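One structure below.
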Amino acid sequence: MDRRAVYKTAWIGGLLLAPQLLLVFTFFYWPTGAALFWAFTLERPWGGGNEFAGLDNFRMVFSDTAYWGAVWRSMVFALGSTALAMGLALLFALFCDRQLRGYKAYQTMLIWPYAVAAPAAGVAFRFLFAPEAGVFAALNKIHPDFWNPSVNGFHAMILIVVAYSWKYLAYNFIFFLAALQSIPRALIEASAMDGSGPLRRMWDIQLPLLAPTMFFLLVINITDSFVDSFGIIDLTTHGGPSKATTLMVYKIYFDGFKGLDYSGAAAQSIVLMLLVMALTFVQFRFIERRVHYR
Amino acid sequence: MADIDIRSVRKAYGKNQVVHGVDLSIRSGEFVVILGPSGCGKSTLLRMIAGLEAITEGEIAIAGDVVNAMEPRERGCAMVFQNYALYPHMTVADNIGYGLKVAGLSKPERRARVETVAKSLGLSDYLDRKPGQLSGGQRQRVAMGRAMIREPKVFLFDEPLSNLDAKLRVQMRIEIRKLHNRLGTTSVFVTHDQVEAMTLADRVVVMNGGHIEQVGTPEEIYRNPASRFVAGFIGSPPMNLFEGRVTGPGEVEAQGIVLSVPHAGLARGQAVTVGIRPEEVLLGAAGSNTASIDVDFREELGSVRLLHGQVAGADFVIQVPATTAGPKVGHFSFEVPARAVHLFDAETGMRIDPVAGGIRAAA
């Protein structure tokens with residue numbers, strides 16, 4: 001039986017859909033379309049016409065070693081931040097699920113970072129991790145440059161990974177906790193009766209039943225780490241030192257708005273979009289198979 | 001095999017006490033059913049034996065060892081849960097063998113024991129399936145297998161049959177009892193279903209409001225209910241209960257009907273509750289203890305027939321064999337044999353026993 005309610009005249013449905021369609025078109029298809037157009041043309045920096053360039057923009061991008069550096073750093077960043085944000089979130093959620101004293105307050109506090117905008121978080125971490133005034137200043141006194149993200153590229157990468165993960169940790173925590181609490185208590189009790197202790201129960205029962213949530217978070221975290229890191233980088237390291245934290249998304253901004261190479265930036269956007277789509281596809285194709293849905 | 005000693009056990013959640021000082025001794029190899037309405041504390045008591053709930057006060061000893069401070073795994077109990085609580089991501093074989101895996105047995109040894117248990121439960125063909133692919137009865141068997149495989153000292157059952165349909169419930173009930181006859185493991189079974197309790201138990205423990213009302217064999221519980229609550233809870237349809245008064249030696253009055261009873265030592269004017277089982281009434285007979293009923297509704301149950309009506313304005317049910325002739329509704333007189341009258345103190349609700357060696361014992 002078809003239980004859908006259907007409008008008798010098509011135009012009412014169209015009218016009701018129009019605002020949403022308008023928004024999607026204005027903020028998604030139009031910019032994407034423009035980027036696609038620019039990616040295949042040569043745009044003049046100060047406006048005033050363009051000419052068709054074919055695949056030249058893409059050839060330029062792919063032959064640029066600086067671009068491949070950005071791709072490599074984006075991968076490192078994606079893996080690092082996803083591992084950190086998911087690992088810690090899972091650990092904290094498991095602690096919270098044990099419902100020890102004070103877990104409610106702890107739970108609320110862990111959710112807050114997600115409500116903090118990336119620029120605010122970026123500024124906070126910039127001060128926290130500042131080599132001359134932050135928490136590391138004391139260590140730097142003992143051993144100069146023990147921590148100095150403005151000089152050491154490795155330190156800078158750690159800084160953006162930590163600052164970025166801080167926010168996603170909160171997001172992941174909410175999902176992990178909700179998933180843990182949806183595991184029937186009787187299952188945990190049954191495994192306790194079967195003789196397993198808390199760690200064994202976590203490994204044998206809770207983690208396997210979290211697999212669907214883990215997979216979902218993995219896709220979201222990896223995807224977002226490629227496109228959502230701009231705010232943090234722009235406020236902490238500006239892509240430096242010497243490009244050590246110039247990820248793909250930051251390079252697009254830098255080449256486009258600082259270097260006024262609109263066409264090159266547009267081509268990079270298209271590549272980034274395709275890369276994220278491909279990664280998502282790979283995850284669904286190869287990792288989802290190992291996920292057991294209840 | 002082990003005996004279980006429950007001594008003055010209490011359970012409170014904050015200020016809310018749910019089990020009030022329970023004393024119970026379960027003999028080794030016995031099948032005890034804890035029966036009671038929902039919220040009576042029966043599951044809480046079972047979970048305290050299992051170690052899934054902390055004991056607020058009192059002691060529980062299994063095979064002589066006080067287990068209050070022990071983890072569930074150290075107590076040697078296995079439990080079958082109401083919703084089976086099978087691990088959804090493991091196969092049937094892994095579900096059954098999980099306890100052995102945790103105990104560190106080798107894979108071939110595990111496999112051999114899982115196969116033996118699965119065979120005894122008729123699960124051999126399903127070992128590679130996941131619980132989601134099984135029927136309710138098969139899941140129930142897997143839960144049983146998981147409990148059996150560790151050869152525990154005690155089996156605990158927490159309303160394990162309540163999720164099955166009526167036919168399967170009867171079948172599993174019989175299987176559980178056969179299993180107990182075969183293994184002889186001490187078993188504690190919690191249920192709100194009196195038929196399960198009567199058919200499974202060596203002894204029934206009737207609980208109400210966190211107290212034990214009566215402990216006895218199914219027959220004792222049915223024949224000599226220790227309290228008004230047990231009288232009204234056991235039996236289907238339940239016992240007819242009236243408020244009444246003692247009017248003379250061996251004589252009570254309830255709803256305007258005077259009944260002679262075999263009880264001795266009753267004080268004139270004492271308030272009592274009079275209980276009469278629907279099936280112990282003799283329809284149409286005209287002896288001494290007679291009354292009349294206005295039947296307004298008749299239920300056919302196949303082998304028996306229930307007549308619902310009023311006796312002097314109070315609801316009353318009579319059960320007669322289905323072969324009894326007669327119109328569907330109307331006015332009937334019936335006899336209540338003196339030995340069929342149960343008396344309870346109206347204030348305490350406790351049973352007033354008829355004289356020892358009296359008519360009742362002879363019957």
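Keeping all protein chains in place and using 1.4 angstrom, which order do A:M202, A:M273, B:M148 fall into by accessible surface area, from largest down? Write down the numbers at each step before the final one.
Values: A:M202 50, A:M273 75, B:M148 20 Å².
Putting A:M202, A:M273, B:M148 in descending order of accessible area: A:M273, A:M202, B:M148.
With unit charges on the beta carbon (Lys/Arg positive, Asp/Glu negative), name the residue among A:V227, A:A265, A:L17 whose Cα is farthest towards the positive pole of the charge dipole of chain A.
Of A:V227, A:A265, A:L17, it is A:L17.
Hey, can you grab everything whose amide H is under 5 Å from the amide H of B:M79? Only 5+ residues off in sequence or another chain; H modelled, so Pro and N-termini drop out.
It is B:L156, by chain and number.
Heavy atoms only, probe 1.4 angstrom, no DNA, RNA or ligands counted: give me A:S242, B:S333, A:S225 ranked by accessible area, highest first. Could the numbers behind the result be given before it?
Working: A:S242 115, B:S333 55, A:S225 5 Å².
The ordering from most to least exposed comes out as A:S242, B:S333, A:S225.
Let me know the mean shielding of A:181-191 by other chains, meaning the per-residue number of their Cβ atoms within 10 Å of its Cβ.
Numbers: counts 0, 0, 1, 4, 2, 9, 8, 2, 9, 17, 7.
Average per residue, whole number: 5.
Taking the DSSP beta bridges in chain B as the whole, what percent of them are antiparallel, to the nearest 5? Present the calculation step by step, with values, prior to reporting the outcome.
Numbers: 63 of 81 bridges.
Roughly 80 percent of the beta bridges in chain B run antiparallel, per DSSP.
When the Karplus curve 6.51 cos²θ - 1.76 cosθ + 1.60 is applied with θ = phi - 60°, which whole-Hz ³J(HN,Hα) does each residue of the range A:149-160 get, with x for Gly and Pro?
Once rounded to whole Hz, the list reads x, 7, 10, 8, x, 5, 4, 5, 5, 4, 4, 6.
Can you give the accessible area of B:H89, probe radius 1.4 Å, in Å² rounded to 10?
40 Å²
Sorting A:W46, A:W147, A:W203, A:W166 by accessible area (1.4 Å probe), largest first, what list results?
On the way: A:W46 215, A:W147 20, A:W203 180, A:W166 95 Å².
Largest accessible area first, the list is A:W46, A:W203, A:W166, A:W147.
Is there a simple number for the mean count of other chain Cβ atoms within 10 Å of the Cβ of residues in B:189-197, and what is it? Don't jump to the answer; show the numbers that get you there.
Numbers: counts 0, 0, 0, 0, 0, 0, 0, 0, 0.
Per residue, the average neighbour count from other chains is 0.
Note the angle between two axes, namely the Cα long axis of helix B:107-120 and the longest principal axis of the Cα atoms of chain B, as a number of degrees from 0 to 90, rounded to the nearest 10.
30 degrees
Treat every Asp and Glu Cβ in the range B:240-352 as -1 and every Lys and Arg Cβ as +1, leave all other atoms uncharged, and give the resulting dipole magnitude about the Cα centre to the nearest 20 debye. It would help to have the intermediate numbers written out before the result.
On the way: 8 positive and 13 negative charges, 41 e Å.
Value, rounded to 20: 200 debye.
By the scheme Lys and Arg +1, Asp and Glu -1, what is the net charge of all other residues having a beta-carbon under 10 Å from that of B:I221? Display every interim value, and only then the final one.
On the way: positive: B:R203, B:R223; negative: B:E213, B:E219, B:E220.
Within the 10 Å Cβ shell, the charges total -1.
For chain A, what is the calculated [θ] at 222 nm in deg cm²/dmol (nearest 500), taking -39500 (n - 2.57) for each run of four or more DSSP H residues and dividing by its residue count? Mind dumping the intermediate values first?
Values: 14 runs with 188 residues, N = 294.
Only helices count here, giving -20500 deg cm²/dmol.
Please report, for the Cα atoms of the range A:64-293, the Rg to one decimal and the Dmax as a whole number; what are they, in angstrom?
Looking at the range A:64-293, its Cα Rg and Dmax stand at 20.2, 67 Å.
Pull up all non-local amide H partners of B:Q214: gap of 5 or more, or a different chain, and H-to-H distance under 5 Å with H placed in the peptide plane.
B:V206
Could you compute how much accessible surface B:T247 exposes when probed at 1.4 Å, giving the result in Å² to the nearest 10?
50 Å²
With a 1.4 Å probe, what is the total accessible area buried between chains A and B, in Å² rounded to the nearest 100? Provide the component values of the computation, followed by the final result.
Values: alone 17960 and 16670 Å², together 32820 Å².
Chains A and B together bury roughly 1800 Å² of accessible area.
In the Gaussian network model of chain B, springs joining C-alpha atoms below 10 Å, which of B:G51, B:G216, B:G302 carries the largest mean-square fluctuation?
B:G302
Taking only protein heavy atoms into account and a 1.4 Å probe, give the accessible area per residue of chain B in Å². Present the calculation step by step, with values, prior to reporting the outcome.
On the way: 15810 Å² over 363 residues.
For chain B, the per-residue accessible area is 44 Å².
Based on alpha-carbon centroids, what's the gap between the range B:122-175 and the range A:20-86 in Å, whole number please?
Here the two parts' Cα centres lie 59 Å apart.
Using a 10 Å cut-off around each Cβ of peptide B:72-85, what is the average number of partner chain Cβ atoms that fall inside?
On the way: counts 8, 8, 1, 1, 0, 1, 4, 6, 2, 6, 1, 4, 3, 9.
Going residue by residue through B:72-85 and averaging, the value is 4.
Quick one: with all protein chains in place, what share of the accessible area of the range A:74-161 is carbon or sulfur, to the nearest percent (1.4 Å probe)? Working shown, then result.
Working: 3780 of 5170 Å².
C and S atoms contribute 73 percent here.
Looking at A:W203, A:G33, A:F154, which one has the Cα that reaches farthest to the positive end of the dipole of chain A (charges on Cβ: Lys, Arg +1; Asp, Glu -1)?
In chain A, that residue is A:W203.
Within the range B:63-91, list the residues whose amide N lies under 20 Å from a label point set 7 Å along Cα→Cβ of B:A12.
Answer for this model: B:68-69.
What net charge do the residues around A:V76 carry, taking every other residue with its C-beta under 15 Å from that of A:V76, with Lys and Arg at +1 and Asp and Glu at -1?
On the way: positive: A:R73, A:K243, A:K251; negative: none.
Taking every other residue near A:V76 into account, the sum is +3.
Have a look at B:G137, B:G287, B:G309 and tell me which one the Gaussian network model of chain B (Cα, springs below 10 Å) gives the largest fluctuation.
Comparing B:G137, B:G287, B:G309 in the GNM, the peak value goes to B:G287.
Can you work out the Karplus-derived ³J(HN,Hα) for every residue in the range A:17-25? Use 6.51 cos²θ - 1.76 cosθ + 1.60 with θ = phi - 60°, whole Hz, and x for glycine or proline.
Here the 3J(HN,Hα) series is 7, 3, x, 5, 4, 4, 4, 4, 5 Hz.
About the Cα centre of chain B, how large is the charge dipole given +1 on each Lys and Arg Cβ and -1 on each Asp and Glu Cβ? Please answer in debye to the nearest 20. Working shown, then result.
Working: 40 positive and 40 negative charges, 274 e Å.
Once rounded to the nearest 20, the dipole reads 1320 debye.
Add -39500 (n - 2.57) for each DSSP H run of 4 or more in chain B, then divide by its residues: what number comes out at 222 nm, to the nearest 500 deg cm²/dmol? Walk me through the numbers before you get to the answer.
On the way: 9 runs with 88 residues, N = 363.
Computed mean residue ellipticity for chain B: -7000 deg cm²/dmol.
Under the Karplus relation 6.51 cos²θ - 1.76 cosθ + 1.60, θ = phi - 60°, what is the ordered set of whole-Hz ³J(HN,Hα) values for the range A:27-36, x standing for Gly and Pro?
Per residue, the Karplus-derived 3J(HN,Hα) values read 9, 10, 5, 4, x, 4, x, 5, 4, 4 Hz.
Calculated FRET efficiency, B:D165 and B:R245, Cβ-Cβ r, R0 35 Å, to nearest 0.05?
Values: r = 46 Å, r/R0 = 1.33.
My answer for the efficiency is 0.15.
To the nearest 20 debye, what charge dipole does the protein assembly as shown have about its Cα centre, counting +1 at the Cβ of each Lys and Arg and -1 at the Cβ of each Asp and Glu?
Working: 62 positive and 57 negative charges, 250 e Å.
Its charge dipole is roughly 1200 debye.
Tell me, what is the FRET efficiency for A:A137 and A:K104 to the nearest 0.05, using R0 = 45 angstrom and their Cβ-Cβ distance as r? Spell out each step's value before the answer.
Numbers: r = 35 Å, r/R0 = 0.79.
That pair, A:A137 with A:K104, gives E of 0.80.
Sequence-distant or interchain residues sharing an amide H contact under 5 Å with B:V272, placed H: which?
Amide H to amide H, under 5 Å and 5 or more residues apart or across chains, B:V272 pairs with B:G244, B:R245, B:V246, B:A346.
Taking chain B as the reference, fit the longest principal axis to its C-alpha atoms, fit the long axis of helix B:166-183 to the helix C-alpha atoms, and give the angle between the two in degrees, 0 to 90, nearest 10.
70 degrees
In 20 Å bins starting at zero, report the fraction of Cα pairs in the protein assembly as shown per bin as a rounded %.
14, 30, 26, 18, 9, 2
The values are calculated or read from the model by the stated rules, or taken from the named source; none is laboratory data. All values reported here derive from a predicted model rather than from experimental measurement. As a convention, Cβ positions derive from the backbone with ideal geometry for all residues, glycine included, and neighbour counts pool all protein chains shown. Heavy atoms of the whole protein, side chains included, go into the accessibility calculation; ligands, DNA and RNA do not. Shrake-Rupley method; radii C 1.70, N 1.55, O 1.52, S 1.80 Å.
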